[in-house]
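Student: My questions will all concern the structure given below.
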């Protein structure tokens, strides 16, 4: 069972890897958020402080470290959050300021609210939070999302001239603000160029990000659709594994436990029944069988008329699956006085993609497959016929299994098998 647990863990790891390829890793999302938005104000403030007061004074101020810590916590929250709702984005975008402000208020008291840089930080955080929430709400409406993305990038770039205005006008306290601050700043041609240049660059970056978002959404949609189409013929773990390791689909020797099941007396019943009734029954039969096999991490089943074939990594899980199939399928077949027979055999097979250059499927080939089919053909209603190889591979052997020798087609010697029989409801009422 340890081998099976390791197999299940490998499936989870591959599924996780595929999701990371589509949506990006948590680490990459945190870094992108930190560099692109959360740390923008702390970095500009660091440049301002070091330029004006020197590196020594900046590095000895604890509040500056708190600013970066708060920015990282915000980036971590937004980058790792599973929810992408506007509420999460809005709250997360205010997290940096919300963590930093109380710490600095304890140091500076009410003077905190008169510091221009603090108020700029709060206003910037609120603006970004509102625009990002709006960007989330408009997801799926291309025009509106493009507009909000443009405004978001313009808002980020305007942080540069906003901080420069405070430096240029020597604003040490909000009490110094008056109606002439903006006209005085824009009175210089250099400042006009700087301001409108920031707006223009913000527009360009907004268009670039809008295109990136559009193509990323399309690629995710395309990847999910292709994954869905592929999983109609290949199991999820094979698809995930093939993306990380394309060579995994090549032919290779492995040991598998093969399971065949077939409806007893199906042909005779289908000749008498209405064709639509036959199709409806088969669809229910296929759906239940595939659901059970999938829950036990069996290979994607092959359906041929009323026959189902699949295989498993371990004999234990194959037998557990067979027992559940026998019970669940009988529940839907008993109304037609039908039931299934199941055969299981464990052995070495060749597994991988087989077929022509243009048409291929993932399959297993070998005498073990033929033997499993012969055992299934020998099973009566309600019986599960298990080969000796499978019986030996079980960690816990069923108490109710009866041993017998079986002569099957294509084999010169009799095969020792174990039969699990289930008392059918139709037999109980007889």
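FYI, it's all coordinate maths here, none of it is from the lab. Keep in mind that what you see is a predicted model, and the values were worked out from it rather than measured. Here the Cβ is made from the backbone with ideal geometry for all residues, glycine too, and neighbour counts use every protein chain on show.
Student: Can you put 394, 177, 420 in order of Cβ neighbours within 10 angstrom, beginning with the fewest? Before the final figure, lay out the partial values.
Tutor: Numbers: 394 18, 177 14, 420 21.
Sorted ascending by nearby Cβ count, the order is 177, 394, 420.
Student: Something else: Find how much the distance from residue 218 to residue 43 grows on full extension, using 0.36 nm per residue of separation minus their present alpha carbon separation; answer in nm with one decimal.
Tutor: Net length gain for the segment: 59.7 nm.
Student: Here's something else I'd like to know. Could you compute Rg(Cα) / (2.2 N^0.38 Å) for the chain, with N its residue count? Provide the component values of the computation, followed by the final result.
Tutor: Working: Rg = 33.6 Å, N = 430, 2.2 N^0.38 = 22.0 Å.
Working it through for the chain, the quotient is 1.53.
Student: Which of rounded, prolate, oblate describes region 226-339, given a ≥ b ≥ c as roots of the alpha-carbon gyration tensor eigenvalues and a/c under 1.5 marking rounded, otherwise prolate only if a/b is larger than b/c? The partial results should precede the final answer.
Tutor: Values: a/c = 2.52, a/b = 1.81, b/c = 1.39.
Here region 226-339 falls in the prolate category.
Student: Return the single residue from 208, 372, 315 with maximal mean-square fluctuation; model: Gaussian network over the chain, springs between Cα atoms under 10 Å.
Tutor: Sorting by GNM fluctuation, first place goes to 208.
Student: I've got another one for you. Compute the convex hull volume of the Cα atoms of region 20-230, divide it by the residue count, and report the result per residue in Å³ as a whole number.
Tutor: 132
Student: Is region 248-429 best put as rounded, prolate or oblate by its Cα gyration tensor, with a ≥ b ≥ c the root eigenvalues, rounded for a/c under 1.5, and otherwise prolate when a/b is larger than b/c, oblate when not?
Tutor: oblate
Student: Along the Cα→Cβ direction, 7 angstrom out, place labels at residue 411 and residue 359. What is the inter-label distance in nm?
Tutor: Between residue 411 and residue 359, the simple spin-label model gives 3.3 nm.
Student: May I ask you to sort 118, 345, 191 by Cβ crowding, counting other Cβ atoms within 10 Å and putting the fewest first?
Tutor: 191, 118, 345
Student: Taking 0.36 nm per intervening residue step and subtracting the Cα-Cα distance, what contour gain separates residue 320 from residue 99 on full extension? Walk me through the intermediate numbers first.
Tutor: Working: separation 221, 0.36 × 221 = 79.56 nm, distance 5.33 nm.
Answer, rounded to one decimal: 74.2 nm.
Student: Which percentage, to the nearest 5, of the DSSP beta bridges contained in the chain is antiparallel?
Tutor: The answer is about 90 percent antiparallel.
Student: Right, something else. Taking every DSSP beta bridge with both residues inside region 252-385, roughly what % is antiparallel (nearest 5)?
Tutor: Around 95 percent of the beta bridges assigned by DSSP in region 252-385 are antiparallel ones.
Student: Follow-up question, since we're still on this one. Between region 222-294 and region 93-158, what is the separation of their alpha carbon centroids in Å?
Tutor: 51
Student: Under a crude label model (7 Å from the Cα following the beta-carbon direction), how far is residue 172 from residue 53 in nanometres?
Tutor: 1.2
Student: Taking all pairs of different Cα atoms in region 157-295, averaging 1/r and flipping that mean, what Kirkwood radius in angstroms comes out?
Tutor: It works out to 23.0 Å.
Student: A further question follows. Kindly put 192, 313, 181 in sequence by how many other C-beta atoms sit within 10 Å of each C-beta, fewest to most.
Tutor: Least to most surrounded, the residues fall as 192, 181, 313.
Student: Taking only DSSP H segments of four or more residues, each worth -39500 (n - 2.57), what value at 222 nm results for the chain once the sum is divided by all its residues, to the nearest 500 deg cm²/dmol? Each step should come with its number before you reach the end.
Tutor: Numbers: 19 runs with 266 residues, N = 430.
Rounded to the nearest 500, it is -20000 deg cm²/dmol.
Student: Applying 1/(1 + (r/R0)^6) with R0 = 51 Å to the Cβ-Cβ distance of residue 114 and residue 139, what FRET efficiency is obtained, to the nearest 0.05?
Tutor: Values: r = 39 Å, r/R0 = 0.76.
So the FRET efficiency works out to roughly 0.85.
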